1. Can you find, among Leu261, Gly311, Ser240, the residue sitting farthest towards the positive end of the charge dipole of the stretch 206-328, where Lys and Arg contribute +1 and Asp and Glu -1 at Cβ?
2. For the cross-link pairs Lys69/Lys290; Lys136/Lys270; Lys69/Lys212; Lys69/Lys136; Lys83/Lys112; Lys18/Lys112, which exceed 26 Å when the distance is taken from alpha carbon to alpha carbon?
3. Once phi is turned into θ = phi - 60°, what whole-Hz ³J(HN,Hα) does the Karplus curve with 6.51, -1.76 and 1.60 give for every residue of the stretch 275-287, x standing for Gly and Pro?
4. Quick one: what are the phi-derived ³J(HN,Hα) couplings along the stretch 72-83, Karplus 6.51/-1.76/1.60 with θ = phi - 60°, whole Hz, x for glycine and proline?
5. Apply the Karplus curve 6.51 cos²θ - 1.76 cosθ + 1.60, θ = phi - 60°, to the phi angles in the stretch 315-320 and return the couplings in whole Hz, x for Gly and Pro.
6. Using the Cα gyration tensor of the stretch 276-328, with a ≥ b ≥ c the square roots of its eigenvalues, what is the shape: rounded (a/c below 1.5), prolate (a/b larger than b/c) or oblate (neither)?
7. Long-range amide H contacts for Phe120: which residues qualify at under 5 Å (H placed 1.01 Å from N, peptide plane, sequence gap of 5 or more or a different chain)?
8. Would you mind checking which residues have amide H under 5 Å from Ala204's amide H? H placed 1.01 Å from N; only 5 or more apart, or other chain.
Amino acid sequence: MTDVSRPKAPVDAEAILKGDRAALARAITLIESRRPDHRARARALLQELMPHTGRAVRVGITGVPGVGKSTAIDMLGSVLTAKGHKVAVLAVDPSSTRTGGAILGDKTRMAKLAADPHAFIRPSPTSGTLGGVAAKTREAMLLCEAAGFDVILVETVGVGQSETAVADLTDFFLVLMLPGAGDELQGIKKGILELADMIAVNKADDAEMKAKAAAAEYRAALHILTPASATWTPPVVTISGLTGQGLEDLWAKILDHRRRLDATGELTVKRKEQDMKWMWALVEERMHEKLANDPVLRKRLPAIKQMITQGAMAPNAAADEIATLLGL
């Protein structure tokens, strides 16, 4: 279980700006903490570092379990560090609903990057947050940018609504797909296609013909949809996370997307909209905390629950009473 409540040493903004990895790790631990005093320190730290953020290429990567996300990220990150980039991977792991602990196996699945001095891997438990994206992933991303990482790769668990959540904090949304998984469009939601800035059919080294056939089907599906941006039509590529096949072309397309959105001002608008969503997400988080910790409500809640289970109170009446107790 990950202990996010006890940063081992004071967090120094100057050390983070100098690229001190230990200081960065402590800072992320601090912003993940739920203690009120840690939250106050985290807010002050983030405010100090904000002017040094925003310059990285932010890429969200999702896909169904077994599609090879970690292997592809390991190889892509290695390709990028070889080009001189500093790569941070924020890998959001499933949490235990009982303990809040996470599997946190990404460092073992990303052996190359784990040993790369120009890469930083930070597994974070989802801790029950909607869509599987860690509550503090956005803040962790900003801290990594302040520490000089110019490429941020956010890997999601690829279940539920995590796709929407990661699209709301990255510039580019990459969806990995498997070749030859039966009807290629059977298991893909229209919403994912609408969010995708690129679809990459992985494991093309093992099933090249199937990968090309799958890619053709995805291209046909994308043609039906209206692109989110007038300046970008989502491409479909085939890659191999194991051999690195197609990853140079994939990265070139990500950079082309950034250039186009930069030229039209769409990237700036997109990030401002994401900041607004971030603000409302934090407000919602505070409301949930008040709901869970309000002493008056906690005293009254057992009786409300009992009346609902006994049919003595309608759920809408119970919701009205809870809202009144919270002053809403």
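1. Of the listed residues, the answer is Gly311.
2. Lys69/Lys290, as the Cα separations exceed 26 Å there.
3. After applying 6.51 cos²θ - 1.76 cosθ + 1.60, I find 4, 5, 5, 4, 4, 5, 5, 5, 4, 4, 4, 5, 5 Hz.
4. Here the 3J(HN,Hα) series is 5, 5, 4, 6, 4, x, 5, 4, 6, 5, 5, 7 Hz.
5. x, 5, 5, 5, 4, 5
6. Details: a/c = 2.87, a/b = 2.08, b/c = 1.38.
In terms of gyration-tensor shape, prolate.
7. Val87, Ala88, Val89
8. Residues meeting the criterion, in which the H sits 1.01 Å from N, are Ile239, Ser240, Gly241.
The values are calculated or read from the model by the stated rules, or taken from the named source; none is laboratory data. In this text, all values refer to a predicted model and were calculated from it rather than measured experimentally. Virtual Cβ from ideal backbone geometry, glycine too; neighbours counted across all protein chains shown. Only protein heavy atoms, including side chains, enter the accessible area calculation; ligands, DNA and RNA are left aside. Shrake-Rupley method; radii C 1.70, N 1.55, O 1.52, S 1.80 Å.
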